[in-house]
Amino acid sequence: MAVQRDMQVLPEFISEQEETSLLAELEPVLKKMRYEFDHWDNAIHGFRETERSAWWPQNEAVLARVRARALPPGGAGGAPLPYAHVLDLAPAGRIKPHVDAVRFCGEVIAGLCLSSAAVMRLRHERDARLVLDALLPRRCLYVMRGTARYEFSHAVLGNEESFFRGARVLKLRRVAVLCRSQPRPQDAQH
Ligand code: OGA
Ligand code: MN
């Protein structure tokens with residue numbers, strides 16, 4: 001299936017030390033914010049978030065590796081956005097199925113997964129029988145593009161439904177650092 005080609009998971013993309021360093025930089029910013037649970041119409045429940053473009057040098061090096069892997073210069077994915085989106089999900093948090101708005105994000109979504117494993121569910125927008133669950137281990141990078149990004153919705157399952165191939169995947173607090181590509185010119189205008 002094209003969706004499998006277009007949803008790559010790279011386990012152990014970063015070391016434990018790199019994970020610790022990213023979290024050390026983010027924690028003071030995140031802990032000032034409260035998790036938001038209350039908006040029933042939001043795609044994401046139990047989250048706090050920030051955007052960041054200037055990182056500690058050792059963390060910048062990690063993000064450069066992410067972008068080199070997911071969004072190489074001159075590649076089909078286009079140029080990366082200048083900032084990363086940091087999404088901190090509470091243990092009770094979850095992301096409901098959605099497709100990232102094409103106005104704000106281009107061909108590629110690359111996510112570095114910190115602190116906890118989780119299960120991401122991709123489901124075809126027009127044929128709900130087409131489902132792909134991806135196990136996202138702690139410290140992996142996933143790269144979603146093409147069919148997976150445009151034709152499938154993605155969701156991060158809440159802890160009570162967090163299973164992969166029949167085995168429970170404990171989802172604790174999870175922090176994702178997301179590098180996306182710039183919107184395609186034809187999408188950015190409207
Ligand atoms: C999002 C999203 C996925 C993740 O913020 O749009 O889908 O890995 N995040 O946290
Ligand atoms: Mn998304």
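The values are calculated or read from the model by the stated rules, or taken from the named source; none is laboratory data. On a predicted model such as this, the values are computed, not experimentally measured, just so you know. Methodologically, a virtual Cβ is constructed for each residue, glycine included, from the backbone with ideal geometry; neighbour enumeration extends over all protein chains shown. Heavy atoms of the whole protein, side chains included, go into the accessibility calculation; ligands, DNA and RNA do not. Shrake-Rupley method; radii C 1.70, N 1.55, O 1.52, S 1.80 Å.
Is the shape of the stretch 9-62 best called rounded, prolate or oblate, per the rule: a/c under 1.5 gives rounded, else a/b larger than b/c gives prolate, else oblate, with a ≥ b ≥ c the square roots of the Cα gyration tensor eigenvalues? Prolate, because a/c is 1.5 or more and a/b exceeds b/c.
For SER15, what is the net charge nearby, where nearby means another residue's Cβ is under 14 Å from its Cβ and Lys, Arg count +1, Asp, Glu -1?
Once positives and negatives cancel, what remains is -1.
A full extension of the chain between ALA167 and MET1 corresponds to an added length of 57.4 nm, given 0.36 nm per residue minus the alpha carbon distance.
Taking amide H as placed 1.01 Å from N in the peptide plane, the amide H of PHE163 sits under 5 Å from that of VAL169, each at least 5 places away or on another chain. Protein heavy-atom surface of the stretch 2-188, 1.4 angstrom probe: 54% of the accessible area is carbon and sulfur, with nucleic acids and ligands not counted. Solvent-accessible surface of the stretch 1-136, taken per residue with a 1.4 Å probe and all protein chains present: 53 Å². Spin-label pair GLU125-VAL99: with each label point 7 Å from Cα along the Cα-Cβ axis, the two points sit 0.1 nm from one another.
Helix-only arithmetic for the chain: the sum of -39500 (n - 2.57) across DSSP H runs with n ≥ 4, divided by the residue total, places the mean residue ellipticity at 222 nm at -6000 deg cm²/dmol. For a straight C-alpha distance cut-off of 22 angstrom, the lysines reachable from LYS96 (same-chain residues fewer than eight places away being disregarded) are LYS171. Working ranking of peptides 31-44, 142-155 by packing, defined as the average number of other Cβ atoms within 10 Å per residue, highest first, is 142-155, 31-44.
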